[in-house]
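K.L.:
Just dropping this structure here.
The values are calculated or read from the model by the stated rules, or taken from the named source; none is laboratory data. Just so we're clear, the structure is a prediction, and the values are computed from it rather than from any experiment. As a convention, Cβ positions derive from the backbone with ideal geometry for all residues, glycine included, and neighbour counts pool all protein chains shown. These accessible areas exclude ligands, DNA and RNA; they are computed on the full protein's heavy atoms, side chains included. Shrake-Rupley method; radii C 1.70, N 1.55, O 1.52, S 1.80 Å.
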Amino acid sequence: MSAAPSAHDVCVIGGGVTGAGIARDLSMRGLSVLLLDKGDWGAGTTGASSWMIHGGPRYLEFDWDTTRLSTQDAGYIVSIARNLVYRVVFLIPVLPHDRNNIERMETAMEVYDRFQPLKKAHPHRRLTPEEAHRAEPGLAPDILGAVTMEEWGIDPHRLVWANVEDAIAHGARALNHTRVTELIRDAGKVIGVRYRGADGASSEARARVVVNATGPWSADIAGMAGVKVHLRPAKGIHIVYPHRISNFAISAESIDGRDLLMVSHAGFTLLGTTDDDFYGDLDAVDVLQDEVDYLLQGFERVFPDIRRYRPVRTTTGVRPTLFKWRKYEDELSRRYEVIDHAREGVEGLVTIAGGKLSMYRLMAEETSDAVCRKLGHQAPCTTATTPLPGNESEMEPAAELAARCGIPALAVVKLQSRHGSRAEKVLDAGKSTRIVCRCEPLTESELVYAAGHEQVRSLADAFRRVGVAAGPCAGAACVLRAAEIVGRELGWSASQRFEAARDFVQGAWLGRAPVLDHAGWAQEELAQGAFRGLRIG
Ligand SMILES: Cc1cc2nc3c(=O)[nH]c(=O)nc-3n(C[C@H](O)[C@H](O)[C@H](O)COP(=O)(O)OP(=O)(O)OC[C@H]3O[C@@H](n4cnc5c(N)ncnc54)[C@H](O)[C@@H]3O)c2cc1C
């Protein structure tokens, strides 16, 4: 054991969107907070989500309140994180033999329309088959019509980082790549944590309350204190395409009647998702070929050409759903529960379990309220109205900033989508407007800034923070250059830079293998051969 334990009011375990939101909330209320994550910020379930801040019209059928709460909270998130959100318009085509005919579909949308103003979204429209085909010519010829629905997209990695950054600005200490290995207890009460940092050293921190915000891992952390958290973890995967396939998000029905989505986000497309009970190792969740086939089979019914597009990788995560016996995974409620383990005789430990990205702020507020009650601390929650970093002032029009700084307007749009009104400060920090990759308009300055100011410790962290290697080349054209830039900033030796590039290539390969077809394998062999020639394969 090295230094003396640090002391805090609250230690939050888990830097997904829930834990990051709690750390921000509590530090804004004036409490001293330590936030720890064993990996990178948002690299758990949050980063593997569908990137939607939505109300969940699907839950209207069986859990009306979740739709209301998440629509309301989505409205707050949209107004505090304006640079991170963008409108996503869904086309929901109806085919012969679908579970819902067009009348039922429209009735559901009429109900959902009542919630839409809460999140500043527009009501639905009903489209004839001709109108739907004009909007999206790739739809199947036999559709009977379609309805539209509006939701919000968001970059969950940036959302988590914005919360962490603001927590730090309000005095929190936040350490990524830092694993909690033990809860420290005194006469049954939890009084702190033992953790292993990025350098492998063990340390202790004392806290008056420890918050377990570890999503699907929350049963493991609770187990360290001898108490149980009942989850029914459900795995979901996405196929990722490195470009927009449609200007609309399109929904489809899978063979077992589940809803599938294909959502075009800023410059890429997510096709998902599965929803299956998961009993395996949460630290080794693999994508199976069967899961990929299931999604493609369901989707090609509404979008026949989908197999002609080349996916670039997959994502997978495990939903921290609350336990329920008998229900199909899909019908499980997305509700959440704040558990004060004092009720089981363990003081000092609070768990937040369940929920959704779309209502992370509300979950954080209720958890923080519970913590404040325990500490006798009276300070109101202000996260619903206080802008996240980059939203304090208006953004300059992208074309003007692009002209002044001499970079492509698309690069400025991407920069602003990540940093909002702080974009120019980020550009100034790195002093180089050169573009890192020919397929993803990211400037060297932004990468330098991320390495220096945004706790990037690996190229995978840089991928999450600023989209390094997120374009069609998937790193083949830019990973060495990115390793040079990040390495220079973090003081990596030449061999450390090679290792960083190799780790990234190998990690990316694991996510890509399940979507490779014959031509894909041949391309992969070629790319791997080229990397081996450079000693990073
Ligand atoms: C496929 C899929 C799609 C989804 N799409 C959406 C969507 O579009 N919209 C929506 O609202 N919701 C969506 N969800 C649900 C949503 O993603 C989750 O509810 C939410 O992200 C959970 O966040 P979290 O912070 O609770 O958990 P996580 O993001 O998993 O964070 C928990 C963190 O705890 C850390 N941790 C674990 N153990 C330790 C330890 N010992 N020490 C330190 N840290 C530890 C982990 O590293 C992890 O980062 C989706 C979920 C899935 C699986």
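K.L.:
Multiplying the sequence separation of ALA266 and ASP142 by 0.36 nm and subtracting their Cα-Cα distance, what value in nm do you get?
P.N.:
Working it through step by step, the gained length comes to 41.7 nm.
K.L.:
Put one equal scatterer on each alpha carbon of the stretch 398-530, apply the Debye formula with no solvent term, and list log10 I(q)/I(0) at q = 0.09, 0.12 1/Å to two decimals.
P.N.:
For the stretch 398-530, the Cα-only Debye profile gives -0.27, -0.48.
K.L.:
What is the packing order of peptides 191-197, 290-296, taking the mean over residues of other C-beta atoms within 10 Å and listing the highest first? All intermediate terms of the calculation are to be shown ahead of the outcome.
P.N.:
Working: 191-197: 19.9, 290-296: 17.7.
Averaged packing, sorted descending, gives the order 191-197, 290-296.
K.L.:
I'd like to compare 168-175, 261-268, 213-220: which one has the highest average count of other Cβ atoms within 10 Å, and what's the full order after that?
P.N.:
Order by mean packing, descending: 213-220, 261-268, 168-175.
K.L.:
How would SER32, SER70 line up by accessible area, probe 1.4 Å, largest first?
P.N.:
Solvent-accessible surface, decreasing: SER32, SER70.
K.L.:
What nm distance separates the two modelled labels at ASN100 and ALA384, each placed 7 Å from Cα along Cα→Cβ?
P.N.:
Taking the simple label geometry, ASN100 and ALA384 are separated by 2.8 nm.
K.L.:
Of all DSSP beta bridges in the chain, what percent run antiparallel (nearest 5)?
P.N.:
For the chain, the DSSP antiparallel bridge percentage is about 75.
K.L.:
Counting every Cα pair in the stretch 434-473, what percent are over 14 Å apart?
P.N.:
Within the stretch 434-473, distances greater than 14 Å cover 37 percent of Cα pairs.
K.L.:
Work out the length of the dipole vector of the stretch 398-530 about its Cα centre, built from +1 on the beta-carbon of each Lys and Arg and -1 on the beta-carbon of each Asp and Glu, and round it to the nearest 20 debye.
P.N.:
300
K.L.:
Right, next: Quick check for you: with a 1.4 Å probe and neighbouring chains kept, what is the accessible area per residue of the chain, in Å²?
P.N.:
Per residue, the chain has an accessible area of 42 Å².
K.L.:
Then there's this: Would you mind putting 178-187, 297-306 in packing order, based on average other-beta-carbon counts within 10 Å, highest first?
P.N.:
Ranked by mean Cβ neighbours within 10 Å, highest first: 297-306, 178-187.
K.L.:
Would you calculate, for the chain, the mean residue ellipticity at 222 nm contributed by helices, counting each DSSP H stretch of 4 or more residues as -39,500 (n - 2.57) and dividing by all residues, to the nearest 500?
P.N.:
-11000 deg cm²/dmol
K.L.:
Using a 7 Å offset from the Cα along the Cα-to-Cβ direction at both GLU499 and PHE62, what is the distance between the two label points in nm, to one decimal?
P.N.:
4.8
K.L.:
Okay, moving on. Given labels modelled 7 Å from the Cα in the Cβ direction, how far is it in nm from THR128 to ASP517?
P.N.:
Here the answer is 3.5 nm between the modelled labels.
K.L.:
Still on this structure, please answer the following. Could you calculate the FRET efficiency of TYR86 with GLU300 from 1/(1 + (r/R0)^6), where r is the beta carbon distance between them and R0 is 30 Å, rounded to 0.05?
P.N.:
So, using R0 = 30 Å, E works out to roughly 0.65.
K.L.:
Also, I was wondering about something else. Subtract the Cα-Cα distance of THR107 and ALA409 from 0.36 nm times their separation in residues, and report this length gain in nm to one decimal. Walk me through the intermediate numbers first.
P.N.:
On the way: separation 302, 0.36 × 302 = 108.72 nm, distance 4.19 nm.
So the chain would gain 104.5 nm between THR107 and ALA409.
K.L.:
For the chain, take every pair of Cα atoms, bin their distances at 10 Å starting from 0, and report each bin as a whole percent.
P.N.:
4, 18, 28, 28, 17, 5, 0, 0
K.L.:
May I pose another question? Under unit Cβ charges (Lys, Arg +1; Asp, Glu -1), what dipole magnitude, rounded to 20 debye, does the chain have relative to its Cα centre? Each step should come with its number before you reach the end.
P.N.:
Working: 63 positive and 69 negative charges, 222 e Å.
Result for the chain is approximately 1060 debye, rounded to the nearest 20.
K.L.:
Based solely on C-alpha atoms, express the radius of gyration and the Dmax of the stretch 1-134 in angstrom.
P.N.:
In order Rg, Dmax, the Cα atoms of the stretch 1-134 give 20.5, 70 Å.
K.L.:
Taking +1 at the Cβ of each Lys and Arg and -1 at the Cβ of each Asp and Glu, which of ALA470, LEU410, GLY430 sits farthest along the dipole of the stretch 398-530 towards its positive end, judged by Cα position relative to the Cα centre?
P.N.:
GLY430
K.L.:
When Lys and Arg each count +1 and Asp and Glu each count -1, what net charge do the other residues less than 13 Å away from ARG512, Cβ to Cβ, add up to?
P.N.:
Here the charged neighbours net out to -2.
K.L.:
Among ALA519, PRO93, LEU490, which residue has its Cα furthest toward the positive end of the charge dipole of the chain, with +1 on Lys/Arg Cβ and -1 on Asp/Glu Cβ?
P.N.:
Highest projection toward the positive end goes to LEU490.
K.L.:
Roll a 1.4 angstrom probe over the protein heavy atoms and tell me the percent of accessible area of the stretch 387-537 that is carbon or sulfur. Write down the numbers at each step before the final one.
P.N.:
Numbers: 3870 of 7000 Å².
Answer for the stretch 387-537: carbon and sulfur cover 55 percent of the accessible area.
K.L.:
Would you mind calculating the relative contact order of the stretch 398-530 from Cα pairs under 8 angstrom and at least 6 residues apart, reporting the percent as a whole number?
P.N.:
16
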